[in-house]
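The values are calculated or read from the model by the stated rules, or taken from the named source; none is laboratory data. As the structure is a prediction and not an experimental result, all values here were calculated from the model. All Cβ positions, glycine included, derive from the backbone under ideal geometry; neighbour counts span all protein chains shown.
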Amino acid sequence: MRYSKLFGKTLRTAPKEAEAISHKLLAKGGFIDQLAAGIYTFLPLGWRVHQKIENIIRSEMDALGGQEFSMPVLAPKTLWQETGRWETIDPPLFVTRDRHEKEYALGPTHEEVITDLARRSVKSYKDLPFSAYQIQDKFRNELRSTGGLLRTREFFMKDLYSFHADEADFKEFFKKAIAAYTKIFNRVGLKTLVSQASGGSIGGDITYEFQIPAPVGEDQVFFCESCGYAINRQFAEEKKVKNTCPECKKKLAQTNAIEAGQVFSLGTKYSGSMGANFVDRDGKEKPIIMGCYGIGVGRLMAAIVEVFHDKLGIIWPENVAPFGIHLVSIGNSSKVTKKADEIYEKLTKKGEEVLYDDRDESPGVKLADADLIGVPERWVVSETTLKKDSVEIKKRSEKTAKLAKISSL
């Protein structure tokens, strides 16, 4: 991609309302644009990152046996009334009316919709177990949308739902889902605390949050550095867990953290209230046992930036970077331009993802923008490097650059 043709360029200053580092850097770097409070456009650079995170999530969900599908954003009021969440869910639903005065909710989550689908599809134990997921637009009627992508009103979420005939089968899948989540966060370079938590408005007997330690995080987590035990502070107060680890009796540490994912053991909370039943081997009708599992894609993207940055800009992990190489031409001589164009063409034909800064800008602006955008490798072509038939290569995560012969690239 030639930077001169890229839609969305870097900004010299961050938006005035931006407080979180990720909000500042993603806006300045030309990754996102704010339309209204909690509502963002993903510009081409940002959407490339978003899609790479999606694909990592998708691959692990497929490996888990999940089948991808897509449910409607709009869900009728009657469905939400069956579970009692039309009035009680927090934050409250975004509600809209059609021309016939029928009310619908813009889905913040899809337990009602998937349970309705299951009760019309599952007949016997032979139809179980199964799991299905989507990566879809969601809407949350937040009272206060702050922190850029960390707390939005419209966002993409991966939501997986699993359906089981008995508790033993569910528990086995639940463990596998937690392992799959751990792989996802590892693949984007993040270490998480798997924290016990309350089910909130989703519900569930057992709930775990995947918390990423970060100063900007709105959650507070107690964790044990010895055995790995972790618990959300609010839930710890409910369970009367204080300063000592209930597992190994060591002292608990505390950190602010960003909740990037959550898994819920739903039991028969939704299947029971909505009549989603199956006939077991003995011919008896029973409610389906369910679980649900969510990851906010945009929030995860912001969390990556909160962890991987320096004073100059973002430092993207290779797996999610918008491009692999940021090629920069320095100087306006025809020799430099010709050689930079040639390298760009060869790299793209080879299948490399290259952002080529071919703009008529000063070296200082180009190099500053490269640091801000945070692509893993910066390749500089200039009169100085060409005198040695070389390109200057610098990894964004390192301080020093090196010269590499063009013939060896």
Answer yes if at least one residue in the stretch 101-112 is within 25 Å of LYS175 (Cα to Cα), more than 21 Å from the chain's Cα centre (by Cα), crowded, with 17+ Cβ neighbours inside 10 Å and not β-branched (Val, Ile, Thr), and no otherwise.
yes
Qualifying position, being surrounded by fewer than 21 Cβ atoms within 10 Å (Cβ to Cβ), assigned to a strand (DSSP E or B) and assigned by TED's automatic domain parsing to the domain that holds ILE212, among ASP137, ASP169, ASP159:
ASP137
If you take the residues of the stretch 172-200 that are farther than 14 Å from SER131 by Cα, of a type in the set (A, V, I, L, M) and in a helix (DSSP H, G or I), which of them is nearest to the chain's Cα centre (by Cα)?
ILE184
What are the residues in the stretch 344-403 that are touching a Lys or Arg at 6+ places or on another chain (Cβ under 9 Å), without any contact (Cβ under 8 Å) to a residue 12 or more places away in the chain and not in a strand (DSSP E or B), if any?
VAL365, THR400
So is ILE304 within 30 Å of ARG151 (Cβ to Cβ), within 27 Å of the chain's Cα centre (by Cα) and in a strand (DSSP E or B) or not?
no
I'd like to know if the stretch 115-131 contains one or more residues that are in the same structural domain as ILE184 (by TED's automatic domain parsing), under 28 Å from ALA37 (Cβ atoms) and surrounded by 13 or more Cβ atoms within 10 Å (Cβ to Cβ).
no
Going by the structure shown, is LYS77 of a type in the set (Lys, Arg) and in contact with a helix residue (DSSP H, G or I) (Cβ under 8 Å, 6 or more places away or on another chain)?
yes
Residue among SER407, SER329 that is at pLDDT 95 or above and polar (S, T, N, Q):
SER329
In the stretch 66-90, the residues that are surrounded by 14 or more Cβ atoms within 10 Å (Cβ to Cβ) and part of a loop (DSSP other than H, G, I, E, B):
GLY66, MET71, VAL73, ILE89
